[in-house]
Each structure stands twice: as structure tokens, then as C-alpha cells.
Amino acid sequence: MTDLNLAAYARMGIANPVSEGAIQALLDQTDLAPGDRAAELGCGNAEVARVLARRGLRVLAVDRGEAMAALARERVAEAGLTDAIEVVAGEAGTVARHEGPFRLIAALGTTQLGDFAVLRRAIEPGGWLLWGDIFWHQTPAVAVPGLDYDTDAGWRRRGAQAGLRLVETRVSPDAEWADYVAALTGAAQAWAAQHPDHPERAQIQARAATLAALYGPASRATLGFALYLFHKPNSD
């Protein structure tokens with residue numbers, strides 16, 4: 001079975017509305033050093049894992065689907081980073097607990113992993129959590145199926161409740177949303193052009209169009225995306 005993520009991520013960079021420069025700017029505020037262990041949870045195409053590896057980190061990239069993990073391995077090999085990045089398939093939180101602790105956990109676009117107390121246990125004392133996700137500007141009066149995001153204040157509160165200190169927050173500007181939507185729709189169109197007879201072609205194109213509308217300019221008053229850099233105390 002091919003879903004939109006598998007179809008599009010092979011043709012995309014970072015599969016979230018955020019730039020590499022924004023990620024690097026937050027990582028620059030840490031004390032991470034070459035050789036430190038990091039994990040990217042919910043890695044998708046492992047683009048963020050490659051960003052981390054290029055900083056000299058040893059990275060474990062985890063995705064729950066074997067097909068996506070296979071795509072991530074291909075992208076890592078193409079980048080010549082197989083010595084720095086190991087890709088595994090599995091439930092990300094479970095793998096992190098078994099393989100940790102890590103000096104850094106990065107998790108972008110992985111709303112379902114938003115139990116920061118669980119993530120905290122897989123981080124070394126003095127280590128870091130780089131969380132990135134969509135947020136509601138205001139909590140919807142009625143729950144929206146499939147959109148289980150928190151508010152900006154809610155993500156911050158989750159960190160505080162887990163005993164993590166918020167170091168920096170960075171909200172993505174409109175231009176990064178526009179770049180993400182253009183990359184997603186362009187990648188879906190390119191896949192569809194290469195697979196004119198695929199049985200799921202129409203479904204994937206429809207899903208891409210739905211997301212383009214959901215994440216387009218009209219949603220800026222409702223949805224945002226932010227990176228949150230949290231620090232775990234050394235005293236743990």
C-alpha cells in the first residue's frame with residue numbers, strides 16, 4: 001500500500017513547515033558535541049536525521065513503518081551518511097526507551113509522541129528535546145478528528161510538567177508554510193505523473209489537495225507550527 005507520505009517524502013526535504021536554518025539556529029543554542037548520541041523519532045524520510053549527522057552527531061532514526069524506514073535508509077545512503085545514521089522500524093517511544101538515553105531527542109510532526117514525561121526518560125541528564133509540531137492558536141470548541149494538536153501554551157506546559165526547561169521557541173513564518181505546501185503538492189504531482197495507472201493515484205492526489213487547503217494561507221489564523229527547544233536538568 002502506498003500512502004501520501006510514502007509517495008511524497010521521497011521527493012521532499014524536511015517534511016514539515018520549517019526550514020533547516022531554523023533547526024540549526026536552535027541546535028546552535030545547545031552544548032551538543034560531535035560524537036553525541038541523538039535520536040530522531042518519527043523520522044519519515046530522515047531529513048532531520050541527516051541535519052543532525054552533518055553536525056557530527058551519531059543518530060538513531062526511528063519510524064513505525066518498515067516501508068518508510070526503508071525509504072529513510074535509501075535517503076541516508078544517498079547522502080553518504082550510513083556510518084552516522086542507523087534507521088530502524090518500530091514504535092518510536094519504545095525504541096527510544098530501550099536504546100537511550102540520548103543527548104538529544106528530535107521529534108518533528110509527531111503529535112502522537114507528545115507525552116513529554118516519556119520522552120524525558122530517554123534523554124540524558126543535561127540533554128535536550130527538540131520538539132516541533134503544529135499548534136492551535138485557540139483550542140477548538142469541538143474536537144477535530146485527526147487534528148489532535150495542542151495550543152502553543154499547551155506544548156510549553158507539557159514541557160514544564162515533565163520537568164523540562166524551555167530554552168527557545170521559534171514559530172514558522174508564512175513563507176515556510178508556503179514552501180512546505182508547495183513541496184508537498186509538487187511531490188504528489190510528480191509521483192502521480194510517474195504512476196498514471198496506480199490504483200491509489202486518485203486517492204493520493206485528493207489527500208494532497210486536502211492538506212494543501214488545510215495548511216494554506218486561510219489556516220494561518222487557526223494553525224501555526226513551532227519548534228520548541230527544551231533542556232533536561234543536569235541534576236537527574
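The values are calculated or read from the model by the stated rules, or taken from the named source; none is laboratory data. Since the model is a prediction, treat every value here as computed from it, not as a measurement. Here the Cβ is made from the backbone with ideal geometry for all residues, glycine too, and neighbour counts use every protein chain on show. Remember, those area values only see protein heavy atoms, side chains included, never the ligands or the DNA or RNA. Shrake-Rupley method; radii C 1.70, N 1.55, O 1.52, S 1.80 Å.
For the chain, just list the percent of Cα-Cα distances falling in each 10 Å bin from zero outward, please.
Each 10 Å bin holds this share of Cα pairs: 8, 32, 38, 19, 3, 0.
How large is the accessible surface of Arg97 in square angstrom, using a 1.4 angstrom probe and rounding to the nearest 10?
120
Under a point-charge model restricted to the Cβ atoms of Lys and Arg (+1) and Asp and Glu (-1), what is the dipole moment magnitude of the range 33-140 relative to its Cα centre, in debye to the nearest 20? Before the final figure, lay out each step's value.
Numbers: 12 positive and 14 negative charges, 59 e Å.
Dipole of the range 33-140, to the nearest 20 debye: 280 debye.
Let me check something: with ligands and nucleic acids excluded, how do Ser235, Ser19 order by accessible area (1.4 Å probe), largest to smallest?
On the way: Ser235 105, Ser19 40 Å².
Ranking Ser235, Ser19 by accessible area, largest first, yields Ser235, Ser19.
Need one value: the accessible area of Asp179 in square angstrom, 1.4 angstrom probe, rounded to the nearest 10.
Surface open to solvent at Asp179 totals about 100 Å².
Rg and Dmax of the range 1-70, using alpha carbons, in Å: what are they?
12.9, 42
Which value in nm describes the separation of the simple spin-label points at Asp148 and Glu168, placed 7 Å from the Cα toward the beta carbon?
3.0
At 1.4 Å probe size, what's the solvent-accessible area of Asp3? Round to the nearest 10 Å².
70
Kindly report the accessible area of the chain per residue (heavy atoms of protein chains, probe 1.4 Å, no ligands, DNA or RNA), in Å².
Numbers: 10600 Å² over 236 residues.
Value for the chain: 45 Å² per residue.
Please report the base-10 log of the normalised intensity I(q)/I(0) for the range 9-112, using a Debye sum with one equal scatterer per alpha carbon and no solvent, at each q in 0.10, 0.19 (1/Å).
Per q value, in the given order, log10 I(q)/I(0) is -0.23, -0.89.
Binning every alpha carbon pair distance of the range 137-236 at 5 Å from zero, what are the percents per bin?
Spelled out per bin, shortest first, that is 2, 11, 16, 16, 15, 13, 11, 8, 5, 2, 1, 0.
Quick check: net charge around Phe230, other residues with Cβ under 10 Å of its Cβ, Lys/Arg +1 and Asp/Glu -1? Present the calculation step by step, with values, prior to reporting the outcome.
Numbers: positive: Arg120, Arg156, Arg158, Arg165, Lys232; negative: Glu168.
Result for the local shell: +4.
How far is the Cα center of the range 1-49 from the Cα center of the range 51-87, in Å?
Cα centres, the range 1-49 to the range 51-87: 10 Å.
Could you grab the relative contact order for the chain? Cα pairs under 8 Å, six or more apart, rounded to a whole percent.
Details: 420 pairs, mean separation 56.1, N = 236.
This gives 24 percent for the chain.
If you rank Arg158, Arg73 by how much accessible surface each has, with a 1.4 Å probe, what is the order from largest down? The partial results should precede the final answer.
Working: Arg158 70, Arg73 95 Å².
Correct descending sequence by accessible area is Arg73, Arg158.
Select from the chain the helices, each a whole stretch of DSSP H, whose alpha-carbon atoms run 15 Å or more along the helix axis and whose Kyte-Doolittle mean is at least -0.5; answer none if there are none. Can you show the working numbers first?
Working: long enough: 66-78 (18 Å, -0.05); 174-194 (30 Å, 0.12); 201-214 (20 Å, 0.44).
Result, helices passing both filters: 66-78, 174-194, 201-214.
Along the Cα-to-Cβ line of Glu20, 7 Å from the Cα, sits a label point; which residues in the range 68-82 have backbone N less than 19 Å from it?
Counting only backbone N, you get 72-82.
Mind giving me the FRET efficiency for Gln194 and Asp83? R0 is 30 Å, r the Cβ-Cβ distance, nearest 0.05 is fine.
After rounding to 0.05, the efficiency reads 0.45.
Describe numerically, in nm with one decimal, the distance between label points set 7 Å from Cα along Cα→Cβ at Arg11 and at Ser219.
For the pair Arg11/Ser219, the computed spacing is 2.0 nm.
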